[in-house]
Amino acid sequence: MRGAWGQGLRNVGDTTLRIVERIGAVVLFLGQILRHSGTSFRRFSLVIREIYFAGVQSLIIILVSGLFVGMVLGLQGFETLQSYGSSESVGVLVALSLMRELGPVVSALLFASRAGSAITAEIGLMKATEQLSAMEMMAVNPLARVVAPRFWGGVISLPLLAALFTALGIMGGFLVTVIMLKVDSGAFWSQMQAAVDFRHDILNGMIKSLVFGVAVAAIATFEGYEAPPTAEGVSGATTRTVVSSSLAILALDLLLTAFMMKGWN
Amino acid sequence: MNRATLNLWVGFFVLLGFVAFLMLAFKVGNLSLDGSGGTYEVVAHFDNIGQLKERAPVRSAGVLVGRVHSVRFDTLHYNAEVQMALDSQYHFPVDSSASVLTSGILGEQYVGLDAGGDDKMLKNGDEIKLTQGAMVLERLIGQFLFNKAQDGGADKTSTDKGAP
Amino acid sequence: MIHQVEIRDLNFGYGDQLVLKGIHLTVPKGSLVAIMGLSGCGKTTLLRLMGGQLLARQGSVRVAGQELNHMNEAQLYAMRRQVGMLFQFGALFTDLSVFDNVAFQMREHTRLPESMIRDLTLMKLNAVGLRGVQSLMPAELSGGMARRVAMARATALDPALILYDEPFTGLDPISMGAIGRLIRQLNDALGATSVLVTHDVQESMKIVDYIYFVSDGVIVAQGTPEEIHASALPFVHQFVWGEADGPLPFHYPGPTLKMDFGDERGQA
Ligand SMILES: Nc1ncnc2c1ncn2[C@@H]1O[C@H](COP(=O)(O)OP(=O)(O)OP(=O)(O)O)[C@@H](O)[C@H]1O
Ligand SMILES: [Mg+2]
């Protein structure tokens, strides 16, 4: 019995240590990326290419999911608020939940599994097929030429995607509640406008998605760059990217929300 | 993929993202208020603020004109000190009055401003002297019963001045 | 004599398995030197050490007179601008076309106008006989073609030192001869120094100036092609004539056959 407890405790300790180690490694890697980011900005076409792969190619999934999430929010909110006789407030509910939480978080989760995994797989495969070594031998630093552009492509794409997700979600809510359930359109918008604050809701939501973008892009590039150069290595790294970025997003969301609620000042 | 099409797509994407952001800022967030125009702060003391919280709206004639910036307990006067940030495009006479009101029956509480008649306008850091605190249901009922008992219902109560 | 590459007393290993044990080797400027040895004896490892991708555990590796072990990252990258390397498996950039692969270094390191890059790239592709595939993607090439493209890419900026990791594998006899002559030509025309890792004894004997044989982490024989040809060392003889029996084991060291297949059933 004691042995089993001891073993269990040791496992917890080991896992904790590994997680902390991994976070540390990602942070160090982020520092490396930043140090090698000069090329990305001197030759912005490199980043544009990555914005295409990370951002443009995630557009459809983000727009469609945003629309659906907004419609569901509208339906559910209408259902509940109607019993209190304040169904016009449904706009407030849709807008605030999208801006503060669902927009940044859901779009980041989708982004991690759509674009983050692709970034990891691509870098991992380049490593496994010695393309990164070949680049190094050509006196081109892969951190500057391959990793940093993908990182910045992700960081730039996610806030834009989150804004689109939120906007489409509000339109979805509008569609369901105003067009289909006949909530008054004027009340829908005016109550929303009165309740939503630019700095506390919109800007904070954008800050969240920027932080998530940094986290997902750093994790995805890190996992790819550090992947064992084999088929299993790369597939394992891809899975890890999705799992650890999702956890990172949710944990960071908790931290940021708590911080923002207390106020920055 | 050819470089020009790629650039086109990315340009389209970035533009779309910015349009979404602007839509959120102006259509949903009503940005003109505490974003660009700037604000000025006034203070008011209430004997009771009920459920009034930071960032609650400040309205005049039903129009949003500012937000509550901070709420704290004034240890000198034993009442609530409320800081409000008013949009600088709106000006109010110095003898305006502020009251804590409720939107709907169960709705959120907000500060209502009623303009006075003075020529001088409130400016940053000024205090609104005339205030009316929040209604507390128990007191209201108590007062109502008291009045009722006093004169058999001949006169209306004078306390529900601020109710919309 | 000036040495382009000079390796002294080099020890290197992965983990606790020592792969190279006390290698001494020099490559004079302008020469074409071959390194031969059995599969898995550490030839690729040796090339990577010359390119500064791996650092020696002990001993020194000097390229153009500079000690790689003492270089910082910037110095290593500066050194590599003078080095071209053909990877054993090509390592072409799969997201770039053949043309862009060959043009890669010109675009990264020079400010040449696009028209000139085009001319130079086509020239390099022409040299390996593949001007016709410039717009294909690497995935659309055969293994031998990919290696020839990789060769064009490795020599794109006319490096002073070219490292070839098995350029002949997977080539038909005709392209093999052509590539062999090309390696020699590049060496002489550019005044470059080349190190050639290969298994193809006959083909390389025709073009190289000097040969090193590596076995079991040390250099067991060396000499000019004539000396090697005439060598009486049983090891060299076996390698040159491709005999299965001799001092070189075909099997990777491990448990004996008997231990793996033998008496287990009897014991169980
Ligand atoms: N990354 C690595 N990690 C661990 N061991 C390695 C690694 N790379 C190579 N080795 C080991 O080092 C030894 C030498 O490998 P190397 O690739 O240099 O052989 P080689 O001479 O190039 O063989 P070949 O002719 O088959 O290409 C091999 O025994 C191999 O198992
Ligand atoms: Mg090899």
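The values are calculated or read from the model by the stated rules, or taken from the named source; none is laboratory data. As the structure is a prediction and not an experimental result, all values here were calculated from the model. Note that we place each Cβ from the backbone using ideal geometry, even for glycine, and neighbour counts take in every protein chain shown.
Assorted remarks:
- Number of residues in the range C:8-54 that are of a type in the set (Val, Ile, Thr), under 18 Å from residue C:82 (Cα atoms) and buried (at least 19 other Cβ atoms within 10 Å of the Cβ): the value is 2.
- Scan of the range C:83-101 for residues that are within 11 Å of residue C:148 (Cα to Cα) and assigned to a helix (DSSP H, G or I), ordered by number: C:98
- Complete set of residues in the range C:225-243 that are in contact with a strand residue (DSSP E or B) (Cβ under 6 Å, 6 or more places away or on another chain) and not in a helix (DSSP H, G or I): C:233
- Qualifying residue in the range C:138-156 (condition: within 16 Å of ligand 2 (Cβ to nearest atom), surrounded by 17 or more Cβ atoms within 10 Å (Cβ to Cβ) and more than 15 Å from residue C:92 (Cβ to Cβ)): no
- Index of the failed condition, residue C:78 passing every other in (1) more than 13 Å from chain A (Cβ to nearest Cβ); (2) within 21 Å of the chain's Cα centre (by Cα); (3) surrounded by fewer than 16 Cβ atoms within 10 Å (Cβ to Cβ): (1)
- Pairing residues of the range C:88-117 that are within 10 Å of chain A (Cβ to nearest Cβ) and on the phi > 0 side of the Ramachandran plot with residues that are among the acidic types (Asp, Glu) and within 16 Å of ligand 2 (Cβ to nearest atom), at Cβ distances under 7 Å and at least 6 apart in sequence or on separate chains, gives C:91/A:130.
- Screening the range A:132-187 for residues that are in contact with a helix residue (DSSP H, G or I) (Cβ under 6 Å, 6 or more places away or on another chain) and among the hydroxyl-bearing types (Ser, Thr, Tyr) and picking the one that is farthest from residue C:80 (Cα to Cα) gives A:185.
- Residues within the range C:90-125 that are under 22 Å from residue C:171 (Cα atoms) and of a type in the set (Gly, Ala, Ser), tallied: 3
- Subset tally (residues that are more than 14 Å from every other protein chain (Cβ to nearest Cβ) and either within 16 Å of ligand 1 (Cβ to nearest atom) or free of Cβ contacts under 8 Å to residues at least 24 places away in the same chain (or both)) for the range C:189-205: 10
- Of the residues in the range C:42-55, none is in contact with a helix residue (DSSP H, G or I) (Cβ under 8 Å, 6 or more places away or on another chain) and away from ligand 1 (no atom under 16 Å from the Cβ).
- Lone unmet requirement of (1) under 30 Å from residue A:87 (Cα atoms); (2) within 14 Å of another protein chain (Cβ to nearest Cβ); (3) modelled with pLDDT of 90 or more for residue B:57: (3)
- Residue among C:101, C:69 that is away from ligand 1 (no atom under 16 Å from the Cβ) and at pLDDT below 90: C:69
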